[in-house]
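Here's the structure we're looking at; comments come further down.
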Amino acid sequence: MSIPGTIYLENCLSHCNIANSIACHFTGSLNLRLFSISVSKVLSETDKFRYELIPLDNGEGVWKEKSRNVPPVKLIRCKNMDEGLKEFSRDIFNLSREYNFFPLFFTVFVTDENETKQADEHEKEENDSVTGEFCIVQTLNHAYCDGRSCEFLLNQITEYYNALLENNLQSMEKVLNRVRQTSTPSSDEIYSFRSENPLIKLSRWQQIKNIFRLVGTKLNDDGEFSVRYPVIEAEWEKFRTEKHEPQMHYFDLNPIINHYAGNKNVNTNSIITALLVKAFRHVNAVMHNHPEKKKISFRMMSDILSAKQRQQFIGNYCAYVPVVTDGSLPLEDVAADILKQVDSFRNNKVDVSMFKFLEFALRKHMAGKKDDPVSFTVSLILHRKFIRHPNSLKGATFIKTTGALNYEPLDLFGAKLNNKIAPTLSLSPDNILFVTYYPLIGGNEILNKVTEALKTVIENEISVVNGEKQKI
């Protein structure tokens with residue numbers, strides 16, 4: 001076994017105690033017994049999960065070897081997937097304790113509209129297979145890995161399951177060997193200014209230029225959307241003793257996505273992010289009566305690893321890239337500006353520099369001292385392989401990805417680190433936008449305002465692309 005390398009972001013995330021539940025929805029059939037075997041086999045061979053990350057003072061952490069059983073795959077029947085996921089997320093930390101805090105576990109949800117189903121049919125379903133609409137939910141402790149690592153592991157579980165259905169021993173062993181070879185390089189091994197052979201190549205001169213660019217980026221939470229530290233200090237202990245239900249919202253973006261299809265100045269992600277920016281701007285200008293507050297600062301998640309490296313490394317290897325744009329501009333202009341900034345960051349590996357810059361700050365215990373001056377942090381939940389190949393899971397067809405987010409901070413330090421509105425997004429193949437958030441200490445009033453503003457902005461933009469009178 002190889003002890004995980006030190007990633008200071010993971011140390012800090014262990015104090016936040018974040019549970020992300022990523023739900024992949026399917027229609028078809030799933031053999032529960034074989035899927036459970038596949039989960040157990042793959043996760044048992046994941047070296048990182050043989051260790052426990054123990055949070056220490058000042059945002060530090062230490063890895064210690066710990067023997068834990070892979071939790072069983074639980075079946076939950078519900079009439080409505082979203083309501084079932086909300087209830088599941090509300091009680092997620094009790095379930096985590098029941099599973100001895102194993103870093104990643106799976107649950108299968110199935111819609112059960114037929115209340116007259118006999119008990120023996122339910123028993124057969126639990127021991128054999130489910131049919132119809134179902135979703136596979138993977139719940140991760142964010143301190144151990146990011147969503148891309150979970151995506152890799154679910155791909156391996158899917159491959160093992162498919163091979164198990166066909167009793168293909170060679171393919172099963174190939175999957176397990178691939179998982180056995182994964183590791184968690186430290187952030188210094190990923191990139192270090194002093195290293196002659198880092199895993200990510202970035203010249204020292206480019207790193208210096210990138211750091212100057214990051215330091216010179218003028219960020220400001222003009223709308224004061226963040227939960228202020230005095231509020232967290234007063235309410236975090238009460239918050240962690242209560243149960244919280246995540247918000248889940250859907251918006252039809254077909255008219256907007258279709259209108260901008262083929263526009264080389266924007267892409268789908270930049271259009272969606274621009275809608276969010278204009279929603280925050282709408283809260284400033286209309287709901288809070290501050291039309292002069294036009295600039296919106298936020299952070300986007302950016303994966304710093306290559307596709308090949310994602311097959312090798314399990315951990316948190318995403319950067320929080322800063323973006324500043326004018327929310328009062330037309331949607332296309334905002335989206336084009338966002339895309340231009342993001343492309344520039346990636347082409348010059350500013351995201352890698354941002355990853356290391358944050359690691360430096362966390363190593364020096366600078367986190368939790370001063371609030372990060374941005375209005376929100378946006379991330380995506382998606383499964384690339386299922387999107388490209390909807391029939392990757394034998395016997396089933398992929399429909400969409402949703403999810404539910406929750407957290408139970410272990411201490412004041414962890415509570416302060418999670419004080420941003422964090423829209424987490426997914427776009428279905430039929431262009432339905434799914435939005436969920438973490439609950440906020442101090443209440444969800446601002447989340448409700450942002451959601452209402454997003455609805456208003458989307459309705460307005462649909463009017464614009466349809467050539468109708470603008471609503472705002």
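The values are calculated or read from the model by the stated rules, or taken from the named source; none is laboratory data. Here the structure is a predicted model, which is why all the values come from computation and not from measurement. All Cβ positions, even for glycine, are placed from backbone atoms using ideal geometry, and neighbour counts span all protein chains on display. Only protein heavy atoms, including side chains, enter the accessible area calculation; ligands, DNA and RNA are left aside. Shrake-Rupley method; radii C 1.70, N 1.55, O 1.52, S 1.80 Å.
Restricting to region 28-76, and then to whatever is among the basic types (Lys, Arg) and open to solvent by 80 Å² or more (accessible area, probe 1.4 Å), can you tell me which residue is nearest to Leu154 (Cα to Cα)?
Lys41
Which of the residues that make up region 270-325 are acidic (Asp, Glu) and touching a residue at least 24 places away in the same chain (Cβ under 8 Å)?
Asp303, the sole residue that qualifies.
So which helices (runs of 4 or more DSSP H) are wholly in region 220-305 and hold at least 1 residues that are under 20 Å from Pro423 (Cα atoms), of a type in the set (D, E, K, R) and open to solvent by 20 Å² or more (accessible area, probe 1.4 Å)?
268-282
Only one of Asp337, Asp326, Asp371 is in contact with a Ser or Thr (Cβ under 7 Å, 6 or more places away or on another chain) and surrounded by fewer than 20 Cβ atoms within 10 Å (Cβ to Cβ); which?
Asp371
Tally the residues that are in contact with a Ser or Thr (Cβ under 8 Å, 6 or more places away or on another chain) and in a loop (DSSP other than H, G, I, E, B), restricting the search to region 193-209.
Total satisfying the criteria: 2.
Could you check how many residues of region 118-162 are modelled with pLDDT under 80, open to solvent by 60 Å² or more (accessible area, probe 1.4 Å) and either in contact with a strand residue (DSSP E or B) (Cβ under 7 Å, 6 or more places away or on another chain) or assigned to a loop (DSSP other than H, G, I, E, B) (or both)?
Quick first cut of region 118-162, residues modelled with pLDDT under 80 only: 118-128.
Subsequent filtering for residues that are open to solvent by 60 Å² or more (accessible area, probe 1.4 Å) retains 118-121, 123-124, 126-127.
Going one step further and asking which of them are either in contact with a strand residue (DSSP E or B) (Cβ under 7 Å, 6 or more places away or on another chain) or assigned to a loop (DSSP other than H, G, I, E, B) (or both), we end up with 118, 126.
Within region 118-162, residues that are modelled with pLDDT under 80, open to solvent by 60 Å² or more (accessible area, probe 1.4 Å) and either in contact with a strand residue (DSSP E or B) (Cβ under 7 Å, 6 or more places away or on another chain) or assigned to a loop (DSSP other than H, G, I, E, B) (or both) number 2.
What pairs come out if I take residues in region 212-233 that are modelled with pLDDT under 95 and pair them with residues that are part of a helix (DSSP H, G or I) and polar (S, T, N, Q) whose C-beta lies under 6 Å away, six or more apart or interchain?
From region 212-233, the pairs are Gly223/Asn284.
Quick check, is Ser463 among the hydroxyl-bearing types (Ser, Thr, Tyr), out of contact with any helix residue (DSSP H, G or I) (no Cβ under 7 Å at 6 or more places or on another chain) and part of a helix (DSSP H, G or I)?
Values: among the hydroxyl-bearing types (Ser, Thr, Tyr): yes; out of contact with any helix residue (DSSP H, G or I) (no Cβ under 7 Å at 6 or more places or on another chain): yes; part of a helix (DSSP H, G or I): yes.
So Ser463 passes the test.
Identify all residues within region 431-472 that are among the polar types (S, T, N, Q), farther than 20 Å from Ser89 by Cβ and touching a residue at least 40 places away in the same chain (Cβ under 8 Å); write none if there are none. Please lay out each step first, then the result.
Of all residues in region 431-472, those among the polar types (S, T, N, Q) come to 431, 436, 444, 448, 451, 456, 460, 463, 466, 470.
Remaining after also requiring farther than 20 Å from Ser89 by Cβ: 431, 456, 460, 463, 466, 470.
Within region 431-472, Asn431, Thr456, Asn466 qualify.
Evaluate the following for Leu214: is it over 29 Å from Pro103 (Cα atoms) and in contact with a Lys or Arg (Cβ under 6 Å, 6 or more places away or on another chain)?
Considered against the rule, which asks whether it is over 29 Å from Pro103 (Cα atoms) and in contact with a Lys or Arg (Cβ under 6 Å, 6 or more places away or on another chain), Leu214 comes out as no.
If Ser2 passes every condition in (1) more than 28 Å from Asn418 (Cα to Cα); (2) open to solvent by 30 Å² or more (accessible area, probe 1.4 Å); (3) part of a helix (DSSP H, G or I) but one, which one does it miss?
Status for Ser2: all satisfied but (3).
I need a count of the residues in region 402-452 that are closer than 25 Å to Thr241 by Cα and not in a loop (DSSP other than H, G, I, E, B).
First, pick out the residues of region 402-452 that are closer than 25 Å to Thr241 by Cα: 403-424, 436-448.
Now restrict to residues that are not in a loop (DSSP other than H, G, I, E, B): 403-407, 412-417, 421, 424, 436, 445-448.
So the count comes out to 18.
All but one of (1) in a loop (DSSP other than H, G, I, E, B); (2) surrounded by fewer than 16 Cβ atoms within 10 Å (Cβ to Cβ) hold for Leu393; state the number of the condition that does not hold.
It fails just one condition, (2).
Determine which member of the set Lys385, Lys370, Lys455, Lys471 is in contact with an Asp or Glu (Cβ under 6 Å, 6 or more places away or on another chain) and either outside any loop (DSSP other than H, G, I, E, B) or modelled with pLDDT under 95 (or both). So that I can check it myself, show each step before the final result.
Details: Lys385 fails: in contact with an Asp or Glu (Cβ under 6 Å, 6 or more places away or on another chain); Lys370 fails: in contact with an Asp or Glu (Cβ under 6 Å, 6 or more places away or on another chain); Lys455 fails: in contact with an Asp or Glu (Cβ under 6 Å, 6 or more places away or on another chain).
It is Lys471.
Mind listing just one residue for me: the one in region 312-369 that is more than 17 Å from Gly216 (Cα to Cα) and small (Gly, Ala, Ser) and, of those, farthest from the chain's Cα centre (by Cα)?
Step by step, filter region 312-369, then rank; the result is Ser328.
Please enumerate the residues belonging to region 164-192 that are under 20 Å from Asn316 (Cα atoms), part of a helix (DSSP H, G or I) and either open to solvent by 10 Å² or more (accessible area, probe 1.4 Å) or charged (D, E, K, R) (or both).
Taking region 164-192 first, the residues under 20 Å from Asn316 (Cα atoms) are 178-192.
Applying the additional criterion that residues be part of a helix (DSSP H, G or I) yields 178-180, 187-190.
Listed by number, the residues that qualify are Arg178, Arg180, Asp188, Glu189.
Of all residues in region 10-25, which are hydrophobic (A, V, I, L, M, F, W, C) and either assigned to a strand (DSSP E or B) or more than 24 Å from Tyr99 (Cβ to Cβ) (or both)?
Ile18, Ala19, Ile22, Ala23, Cys24
Within region 150-160, is even one residue over 21 Å from the mean Cα position of the chain (by Cα) and either within 30 Å of Lys293 (Cα to Cα) or of a type outside the set (Gly, Ala, Ser) (or both)?
Checked region 150-160: at least one residue is over 21 Å from the mean Cα position of the chain (by Cα) and either within 30 Å of Lys293 (Cα to Cα) or of a type outside the set (Gly, Ala, Ser) (or both).
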